[in-house]
Amino acid sequence: MTKKILLITCVIFLSSCATTNIQELGDKFLDLINPSDAPAEVTDLSEQVLVLDAENGGFTEEELETLSNDELIALAKEKGLEDILLLDADGNLLNRDQVIKALVEGQALTEGAMQELESLSNDALIELAQAKGLEDKIILDEDGNLVNRDELIEALREGAAETELAVAELQKAGGSFVLYFAYDDTEIDEAATRVIIEHANLMQNNPSVRLRLEGHADERGTREYNLALGENRALSVKEVLGLYNLEDRVVVVSYGEEQPVEIEHNEEAWEKNRRVEFVYY
C-alpha cells in the first residue's frame, strides 16, 4: 500500500497576529490581578507535527498503523486528543490501539458534521450561516427564499476548514487548550489570563470561529455542586473574553465531575480534572 501520509511541520506563530488593542487591553486586565497568585497549570502542546492525507485531508486506519508511536502521539495532540494518551515513565505509548481508534472516530465525527449540512433545511442553513458571521454569503429572493444553497454550504465548509487551521496554528505555537483550577476555585490568575488572550487573538483574527468552554470539576462534592462549579469556571473564562467583545461567539457548558481525564482518587488526578477546555467549532 502506498503510504499517503504527508508530514508537515507548522511554524506559524499565532502571536504575530495579535493586535495592539488586544495587548494593551490584556496588560490592563493583568494589572488588576494579584501577582502572588499561583500560576495556572497549562498543557505544553509545542513541537508537534501535523499529519495530513495528501489527497483528501483525512486518513484511514491502515495509514495510521504505518505511523510510529511518536508520530501517533504528535497527531493525537494536534487533534486535541492528548488526554487519551497513556505513556510510561520513559514517554513510551502504552495504548496505541486506543489512540488509533480515537483518531479514526474523531475524523468520522468531523465528516459527519459536514454531511449534516446537506440535510439541513434552507432556514436552518440561513440560521447557521448567521451564527457563523456569514450573513454576506446569504442570497435571498424577494420572498425571502434561499437561492444559493450550494454556495452557502461550501462557505460553511470552508469556514470549518479555516477554524481547524487556526486551531492547528495555535497548537503549533505552543498554545494551551486547557486551564486548570485550584480546589473549589474559579479564579483566573495571570498565567491563565495570558492563555485566554491567545484565544482572543485567534477569535479576532478568525471571525467565523465559535468557541465552546467546557467546565469540569473533580469528584469531591455533590453532583449538583460540581455542575455549578464547572459552569462558574467556564463563565470566568468567558468573562475575560468579553473584554474583547467576543462573548456572543462563546457558549458555556458544564460537565461537573462526569468526564474526568484521570479516574484515580488522589490529588494528582483531581488537579487534572479541575479544568476548563477550549473547544472550537
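All of the numbers you see were taken from the coordinates with simple rules; none came from a lab. Remember, it's a predicted structure, so these values are computed and weren't measured experimentally. Using ideal geometry, Cβ is built from the backbone for each residue, glycine included, and neighbour counts are taken over all protein chains shown.
When the convex hull of its Cα atoms is viewed from all sides, segment 117-271 shows a mean projected area of 11.3 nm². Run through segment 192-243 and list the GluC sites (Glu not before Pro) located in a DSSP loop whose Cβ has at most 13 other Cβ atoms within 10 Å. Loop-located and lightly packed - none at all.
So, in Å, what gap is there between the alpha-carbon centers of segment 178-246 and segment 128-156? For segment 178-246 versus segment 128-156, the Cα centre distance is 32 Å.
Highest-first packing order for the peptide set 140-150, 61-71, 161-171 is 161-171, 61-71, 140-150, based on the mean count of other beta carbon atoms within 10 Å.
Among residues other than Phe278 with Cβ under 9 Å from its Cβ, the summed charge is -1 (Lys and Arg +1, Asp and Glu -1).
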